[in-house]
């Protein structure tokens, strides 16, 4: 149903005047294809999508899934806080210097706060002109719908979304209507739509997959699904790089992993120095854990292990979503991931969960996957000691 609704919205908004030459290049597979995605923090690689990739990187996966024989590079040129004014200033350096066949442009979320809509449209047109003069095709992208805040009222976001569509129509361009795609999910199930967001304005990786699917369809006219794509395999690349070099590491871990991580790592790297700081959870509510997570970015650590206990009372889903997501968000560096973050499901430490705890875990599982983070898990009915499970998991995740 979600896919059907998405396609209905896409077909209503993505019909181009002529097929994109880039689509033909992808299908032919005879020469490397270069794509650059420019935008703000919603485009760039930041904490809200896990700190390792965003929709540009997922677009490459989507297009390679459709055209496995094609050599393809998709460059991410998203910068937090940017607007069309800033995008114009750095267009040559960050976009045109890569000599792209295709440029996707996704701005608006900061422009609607800082830029008059007429200036916004003028800037878009200038970017389009300069890209086309360089020989690149252009796809304009609307952004996601958001949770209402005073700074970004729905009417203002709708105005800027329509401005993107209007410019695309005037310039006879394809528009990847991501806003429509998000709103299609919202219309079908508001709770599912909420699970696409990491905070009030930024999509998590689940949302970025929807971005990539929508943009891939705009480019090729073909449908692709990324829902089964898991997190990158190198969950502990930072940690293992330091361990292999014989360097000491700092670990911040919730119980019981604060007691287990040192012997588990030293089993793999004998004699290595592991300093562990315990992240207290006893007697804490989920909201209190979220508040304590705000200190993580200022701490010196190489690895963070989040293990929210199953016995915490399950609040309403929206509040649970907010608090749990921000525990993960605050545990990640602001930009590209500077340290490793993994999450342990409650059942890894406590195999027998009550029905309420199982509901807690099911929602946590969806949020962790949506954040693109790796998980420590236990198979159903597995009675293996947790230290052995952790040691095996660490061994399996060595680069």
Residues 225, 198: which one is under 28 Å from residue 363 (Cα atoms) and over 15 Å from the mean Cα position of the chain (by Cα)? 225
Any idea how many residues of region 37-78 are in contact with a helix residue (DSSP H, G or I) (Cβ under 7 Å, 6 or more places away or on another chain), surrounded by fewer than 24 Cβ atoms within 10 Å (Cβ to Cβ) and part of a loop (DSSP other than H, G, I, E, B)? 2
What is the number of the single condition among (1) within 30 Å of residue 68 (Cα to Cα); (2) exposed (fewer than 14 other Cβ atoms within 10 Å of the Cβ); (3) in contact (Cβ under 8 Å) with a residue 60 or more places away in the chain that residue 213 does not meet? (2)
Please tell me if residue 213 is farther than 18 Å from residue 109 by Cβ, in contact with a helix residue (DSSP H, G or I) (Cβ under 9 Å, 6 or more places away or on another chain) and in a helix (DSSP H, G or I). yes
Would you check which residues across region 343-387 are in a strand (DSSP E or B) and surrounded by fewer than 19 Cβ atoms within 10 Å (Cβ to Cβ) and list them? 375
Being at pLDDT below 95 and surrounded by 18 or more Cβ atoms within 10 Å (Cβ to Cβ): is that true of residue 395 here? no
Output the residue which, of all residues in region 119-152 that are part of a loop (DSSP other than H, G, I, E, B) and crowded, with 17+ Cβ neighbours inside 10 Å, is farthest from the chain's Cα centre (by Cα). 136
I'm checking my understanding of the structure. Among residues of region 168-183 that are under 20 Å from the mean Cα position of the chain (by Cα) and assigned to a helix (DSSP H, G or I), which one is surrounded by the fewest Cβ atoms within 10 Å (Cβ to Cβ)? 183
Would you mind finding the one in 186, 238, 208 that is surrounded by fewer than 23 Cβ atoms within 10 Å (Cβ to Cβ) and in contact with a helix residue (DSSP H, G or I) (Cβ under 6 Å, 6 or more places away or on another chain)? 186
With within 13 Å of the chain's Cα centre (by Cα) and within 16 Å of residue 136 (Cβ to Cβ) as the only criterion, which of 59, 20 stands out? 59
Subset tally (residues that are surrounded by fewer than 22 Cβ atoms within 10 Å (Cβ to Cβ) and not in a loop (DSSP other than H, G, I, E, B)) for region 79-89: 4
Given the conditions (1) in the same structural domain as residue 348 (by TED's automatic domain parsing); (2) modelled with pLDDT under 95; (3) surrounded by fewer than 18 Cβ atoms within 10 Å (Cβ to Cβ), every one holds for residue 312 apart from (3)
May I ask you to list pairs of residues, at least six apart or on different chains, whose Cβ atoms are under 8 Å apart, with the first in region 238-252 being in the same structural domain as residue 273 (by TED's automatic domain parsing) and the second being outside any loop (DSSP other than H, G, I, E, B) and surrounded by fewer than 15 Cβ atoms within 10 Å (Cβ to Cβ)? 243/268; 248/275; 249/275; 250/275; 250/277; 251/275; 251/277; 252/277
If you scan region 216-231, which residues turn out to be under 19 Å from residue 341 (Cβ atoms) and either loosely packed, with under 15 Cβ neighbours inside 10 Å or in the same structural domain as residue 263 (by TED's automatic domain parsing) (or both)? 230
Here are the criteria: (1) within 23 Å of residue 348 (Cα to Cα); (2) at pLDDT below 95. Tell me which single one residue 246 does not satisfy. (1)
Every residue in region 1-36 that is in a loop (DSSP other than H, G, I, E, B) and modelled with pLDDT under 50, please. 1, 14, 15, 16, 17
Need the failing condition index for residue 165 against (1) modelled with pLDDT of 95 or more; (2) surrounded by fewer than 16 Cβ atoms within 10 Å (Cβ to Cβ), just the number. (2)
Where the second residue is modelled with pLDDT under 95 and assigned to a loop (DSSP other than H, G, I, E, B) and the first is outside the structural domain of residue 60 (by TED's automatic domain parsing) and surrounded by fewer than 18 Cβ atoms within 10 Å (Cβ to Cβ) and lies in region 90-117, which pairs have Cβ atoms under 6 Å and are six or more apart or on separate chains? none
Cβ-Cβ under 6 Å pairs, at least 6 apart or on other chains, region 153-165 side within 12 Å of residue 176 (Cα to Cα), far side part of a helix (DSSP H, G or I): 161/179
Go through 394, 373, 367, 303 for me and flag whichever is touching a residue at least 24 places away in the same chain (Cβ under 8 Å) and farther than 30 Å from residue 78 by Cβ. 394
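The values are calculated or read from the model by the stated rules, or taken from the named source; none is laboratory data. Predicted model only: the values in this text are computed from it and were never measured. Cβ atoms come from the backbone with ideal geometry, glycine included; neighbour counts cover every protein chain shown.
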